[in-house]
Structures are given as structure tokens and as C-alpha cells.
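A short write-up of the structure that comes next.
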Amino acid sequence: MRGGNDQVRREQRAARTALAGLALAIVSLLTGISAGTGSRLGLWHFRTGFTILHWSVWLGVLSSIVAVAGAILCGKLRLLRGVVVSVAGLVLGAIVIAVPVKWRMKATSVPPIHDITTDVVRPPAFVAILPLREQASNPPEYGGLRVAEQQQRGYPDIKTLIVELSPDQAFQRALETARKMGWRIVATVPAEGRIEATDTTFWFGFIDDMVIRITPAGYRSLVDIRSVSRVGRSDAGTNADRIRQFLQKLKTG
């Protein structure tokens, strides 16, 4: 009888451990999601969101450890349901850990800058967007040679695009491309070949500003674009990726 009771207690302990691992994983996942969502909704500063995200990773680590323990205990007792629950907790915990870690690795692999342009000598300038950046911590003026050198080392492929289109045609295609990418158009000035727009990142809701410049070049046109973050020293490659996507979509029509 005592042996039977001991077996029941071991099974209960194993099942509770498996459930604890899954519960911790769910909490860590929700914590990680709330880190960016709260920042996007204005519930807290984005740096507070980063702190919350940091702690969600440690919760993910803890949940993974508990889930592994649950899987071992349930496996020894042949509790298939407990093993499945533990594996689910381990997978969720791994996801919570992987996303921020991947983001961090990307941030450390690119230059710590937030202003990217296809023309580092004469970068397109903001006009209509300037009033929208009054509260931004990053200035609208280009950072000069220091930023240009870092960009050229980190993103040597970001260059002016030459298209076989007239300035008017290039302007219309650039405007259509910006709209297809979901950007909010702030200003269109065909006479100056200038388009200004904003884009909001999905998770934390960071607002970045873009200015596109179309310049005549004989029977062709030069397309330049600049993408600048309003806050944060480093953009973790977001602005460069945005410019690449824009230029690629523009080329393919």
C-alpha cells in the first residue's frame, strides 16, 4: 500500500513540475509580448519595455529548466501527457529566449547608428516632417562623416538607385511603392521630387521617418532615400532593411 502511495506522489510531483514549466513559459511569453505592446500603446517608456523584455528572457530560461526537469521525471514514470506538457513548455520557453537574443545579436552585428541614406555626401533633407520630430531625441540633421563612414562599413550595398524612367515616372513609382509598403505619406512635392513618409515598427511601435528624393539624370532618374529613427542610438539594422526593401520593390515595379 505504501509503495502505491509513493508511486502516486511521484506521479503527482512529476505532473506538477511539467505544468509549472508550461505555466512559467506562458507567463514569460505574455511578459515578452507586453514589453513591446505596452511601449507601442504608450503605457511605458520603450526603455522600460526593454527591461521587461530582459526579465521575460530570464523567465524563459527558468521555464525551460523546469520543463526539462518535468520531462525527465515524467519520462521515467512513463507519463506521456506530462512529457507532452513539458515539451510544450520547453518550446515556448525557447521561443521567448530566441527572439530577443536574435534581435540582440543583430544589433551587435551592425553599426550603432540610426540614420541611413543612399547618399551620404548630400543626404535628402526633411521638410514637412520636421514639426513631427520636435519631441524626438534624435536630431533630423545628418550626423556627417562619422555616421557616413560607419554606414559604408556596415551597409556598403546601400547606394543611389538609377532607374530608366523620367523624373515624373520615377516619382509616381516611388510614391506607389511607399504606399504598398504601408508607409504613412506626409508630403508629396513633385516639383522638388520629394516624398516624405513615416513607418511604425510592429512590436514596440517605434516611428521612423523617410524622405525620398528623385533627381533627373538625362533620360534616367536617380532615386535616393533616407530613413531615420526618432529615438534610440542604434536601430538594429531596421532602417537599412527598410531601404533595401523599398529599392527592391521599386526596381521590380
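The values are calculated or read from the model by the stated rules, or taken from the named source; none is laboratory data. Just so it is clear, the model here is predicted, and its values are computed rather than measured. Positions of Cβ are backbone-derived with ideal geometry, glycine not excepted, and every protein chain shown enters the neighbour counts.
Here are a few things to note about the model shown:
- For segment 144-159, the set of residues classified as crowded, with 18+ Cβ neighbours inside 10 Å and assigned to a loop (DSSP other than H, G, I, E, B) consists of TYR155, ILE158, listed by residue number.
- Cβ pairs under 6 Å, 6+ apart, first in segment 113-141 and within 18 Å of ARG194 (Cβ to Cβ), second among the basic types (Lys, Arg) and part of a loop (DSSP other than H, G, I, E, B): THR118/LYS159
- Considering the conditions (1) surrounded by 14 or more Cβ atoms within 10 Å (Cβ to Cβ); (2) out of contact with any Gly (no Cβ under 6 Å at 6 or more places or on another chain); (3) at pLDDT 95 or above, LEU73 is excluded by exactly one of them, (3).
- Test: residue in segment 186-199 that is buried (at least 18 other Cβ atoms within 10 Å of the Cβ), acidic (Asp, Glu) and out of contact with any Lys or Arg (no Cβ under 9 Å at 6 or more places or on another chain): yes
- Within segment 80-120, considering residues that are touching a Leu at 6+ places or on another chain (Cβ under 8 Å) and surrounded by 20 or more Cβ atoms within 10 Å (Cβ to Cβ), the one nearest to GLN150 (Cα to Cα): THR118
- Subset of segment 77-116 that is charged (D, E, K, R) and assigned to a helix (DSSP H, G or I) - its residue that is nearest to ARG242 (Cα to Cα): LYS106
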